[in-house]
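Report on the following structure.
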Amino acid sequence: MTPPARGPGQRKLDALNRLDRDIDAWVATAGPGNGAPHLVPLSFLWDGTTLLIATPAASVTSRNLQATGRARLGVGPTRDLVMIEGTVDSAQAATDIPAGTGDAFAAKTGFDPRELTDGYAYFHIRPRRLQAWREANELAGRDLMRGGAWLVP
């Protein structure tokens, strides 16, 4: 039995709640030359404006983000999904991340890249488009943000 569709306001509240409490996202990037897709699970911190992720600086994800500045993230299970298309606002080496930001990331995710010697990089990803849906009855109206602006108050 499919639950009734949520209205846009409830979907936004639920999406923001998921961003606040979930720890991991699927992060998709593509290479600049051949456009080859690359998908990895990464932990994130939502600060109300951007998602902060960390990955080894030499990884495919890092290289793709540095080259294209674009990512797509999926947060939540397939039946309660928040899908985000975003752009890189800024990138910082783990050694350069402000202490408060690094501490907040580590507290939420249980993982502190600053403690590793692999040379991690942090990326702030700003949502440009955000969609949320649970079932087929929520596909219509799933766009909650476009062009970086919320469509619902």
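The values are calculated or read from the model by the stated rules, or taken from the named source; none is laboratory data. Being a predicted model, the structure only gives us computed values, none of them experimental. Glycine also receives a Cβ, built like all others from the backbone with ideal geometry; neighbour counts cover every protein chain displayed. What goes into the accessible areas is simple: the full protein's heavy atoms, side chains included, and nothing from ligands, DNA or RNA. Shrake-Rupley method; radii C 1.70, N 1.55, O 1.52, S 1.80 Å.
Over segment 31-88, accessible surface divided per residue gives 46 Å², non-protein components excluded, 1.4 Å probe. Considering only 123, 110, 151, and ranking their Cα positions along the charge dipole of the chain that arises from unit charges at the beta-carbon of Lys, Arg, Asp and Glu, the one farthest toward the positive end is 151. When the helices of the chain are scored as -39500 (n - 2.57) per DSSP H run of n ≥ 4 and the total is divided over every residue, the value at 222 nm lands at -7000 deg cm²/dmol.
Potential lengthening of the chain between residue 99 and residue 118 amounts to 5.0 nm, from the contour at 0.36 nm per residue minus the alpha-carbon distance. Among the trypsin sites (Lys or Arg not before Pro) in segment 67-153, those located in a DSSP loop and surrounded by at most 12 other Cβ atoms within 10 Å of their own Cβ are 79. Taking the accessible area of the chain, probe 1.4 Å, and keeping the other protein chains in place, the carbon and sulfur fraction comes to 54%.
Segment 92-153 to segment 44-90: how many Å between their Cα centroids? Comparing the Cα centres of segment 92-153 and segment 44-90, I get a distance of 6 Å. Take every Cα pair under 8 Å whose residues are at least 6 apart in sequence, average their separation, divide by the length of the chain, and the relative contact order is 26 percent. Only Lys, Arg, Asp and Glu carry charge here, each on its Cβ (+1 for the first two, -1 for the last two); on that basis the chain has a dipole of about 580 debye about its Cα centre.
Calculated FRET efficiency, residue 67 to residue 1, Cβ-Cβ distance, R0 = 35 Å: about 0.15 to the nearest 0.05.
Put a dot 7 Å past the Cα of residue 60, heading toward its Cβ, do the same for residue 87, and the two dots end up 2.6 nm apart.
The simple spin-label model puts a point 7 Å past each Cα toward its Cβ; for residue 10 and residue 39 those points are separated by 2.9 nm. A Gaussian network model of the chain, with springs between Cα atoms under 10 Å, assigns the largest mean-square fluctuation among 71, 140, 99 to 140.
Once the C-beta distance of residue 139 and residue 111 is scaled by a Förster radius of 35 Å, the resulting FRET efficiency is 0.55 to the nearest 0.05. Relative to the dominant Cα principal axis of the chain, helix 99-109 is inclined by about 50°.
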